[in-house]
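Structure, as structure tokens:
Please treat every number below as a calculation from the coordinates, not as lab data. Remember, predicted model here, so these are calculated numbers, not experimental data. When we count neighbours, we look across all protein chains shown, and the Cβ atoms used for this are built from the backbone with ideal geometry, even at glycine.
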Amino acid sequence: MNDKEIESLIKLLDDPDLEIANHVEQKLLSYGNDVIEQLESAWAQSLDTVLQERIENLVHKIQFLNVKRELELWYIGGAFDLLQGILIVNKYQYPDLDEQKVVNQLEDIKRDIWMQMVYEMSAVEKVKLINHVLYSIHGFTGNTTNHQDPQNSYLSQVLESRKGNQILLAVIYSIIAQKLDIPIYGVNLPQHFILAYVDESPSESIEVQKEEFEDRILFYINAFNKGFIFGRKDVDAFLKQLNLKANQHFYEPCTNVDIIQRVLRNLISAYEKLSALDKVEELQELLRIFPEPE
């Protein structure tokens, strides 16, 4: 289609005949990103509020379908890159996200840690160094005053505000640690999200490792509480407090898919409290990309 044909279709978006308007919308929707620039241009030039509203809705639908498609491809492709998965979720709210800016921000923090690393550091010493750089130098902290704010679940916003919820702070922590070849992974604890420092050999992968982790986890880390270090008995006590049985998966590193599902559920809960039902429905649609947990 040429530009003039697209312009003609856009002008029909506010047709009083809803059948025609819907047909035009579906036609434009089928062209995806290729029509966004012209839609935004038409919105800026129009004084028709009905047309502007329909353009806004159409652009959002196109952007949402992009996010859904990217998340499906990420999952089908093996979900190996946690950062990529988190960035895709980020684009649900911020479709024009500058991904390279986010990558650069993480690399800056990584470099600050790497510059102070010393050969033969113990696991605890490495974690104390990460804690010093993340919390003391860069000022990251748990958002305790507005914990339910959906912004706490978007990586770009957490990197800007330096405030986040348990899982996003843990995601930042683990991504940076793994970039430094430090084996720190997320643990999907009920009502909390923590990290585990795993004693692993270079040939092993957390995603495919099937053996028991109990003897290989050196300690746990609470990224929401300035990287506080604790042990298995503390996890036992926490689960007892919740009246939950000590299932093995509460102690072991989870998958990247588990993490993305948890982030999506946090967002659903946050938007439910804001009564943003359209967002709740869309995020539930994204969550359905993944299989139900057993």
Please arrange SER161, SER30 by counting, for each residue, the other beta carbons lying within 10 Å of its beta carbon, fewest first.
-> SER30, SER161
Given CYS254, SER30, ILE88, which one lies farthest toward the positive end of the charge dipole of the chain, if we put +1 on the Cβ of every Lys and Arg and -1 on the Cβ of every Asp and Glu?
-> CYS254
What size of dipole, in debye to the nearest 20, comes out for the chain about its Cα centre when the only charges are +1 on Lys and Arg C-beta atoms and -1 on Asp and Glu C-beta atoms?
-> 1220
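For the stretch 82-287, what does the relative contact order come out to in percent, with C-alpha contacts under 8 Å and a separation of six or more?
On the way: 247 pairs, mean separation 40.2, N = 206.
With pairs under 8 Å counted, the relative contact order is 20 percent.
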Which listed residue (SER156, ASN131, LEU168) has the Cα farthest towards the positive end of the charge dipole for the stretch 71-168, taking +1 on Lys and Arg C-beta and -1 on Asp and Glu C-beta about the Cα centre?
-> ASN131
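Treat every Asp and Glu Cβ in the stretch 50-89 as -1 and every Lys and Arg Cβ as +1, leave all other atoms uncharged, and give the resulting dipole magnitude about the Cα centre to the nearest 20 debye.
Details: 4 positive and 5 negative charges, 25 e Å.
In total the dipole reaches around 120 debye.
Just subtract the alpha-carbon distance of ASP81 and LYS61 from 0.36 nm times their residue separation and send over the number in nm, one decimal. Display every interim value, and only then the final one.
Details: separation 20, 0.36 × 20 = 7.20 nm, distance 2.59 nm.
Result: 4.6 nm gained on full extension.
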Excluding residues on the same chain fewer than 8 positions from LYS11, give the lysines whose Cα lies under 17 Å from its Cα.
-> LYS27
Residue-ordered couplings for the stretch 138-154, obtained by feeding phi - 60° into the Karplus form 6.51 cos²θ - 1.76 cosθ + 1.60 and rounding to whole Hz (Gly and Pro as x), are 8, x, 5, 7, x, 7, 8, 7, 9, 5, 8, 4, x, 4, 5, 9, 10
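For the stretch 218-292, what is the charge dipole size about the Cα centre, in debye to the nearest 20, if Lys and Arg each add +1 at the Cβ and Asp and Glu each add -1 at the Cβ? All intermediate terms of the calculation are to be shown ahead of the outcome.
Numbers: 10 positive and 10 negative charges, 88 e Å.
Rounded to the nearest 20 debye, it is 420 debye.
Could you work out the relative contact order of the stretch 3-76, using alpha carbon pairs under 8 angstrom and six or more residues apart, expressed as a whole percent? Show your work: numbers first, answer last.
Details: 44 pairs, mean separation 21.6, N = 74.
Worked out over the stretch 3-76, it gives 29 percent.
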Projected label distance in nm at ASP98 and MET117, using a 7 Å step from Cα toward the beta-carbon | 2.7
How many angstrom separate the Cα center of the stretch 142-182 from the Cα center of the stretch 51-65?
-> 29
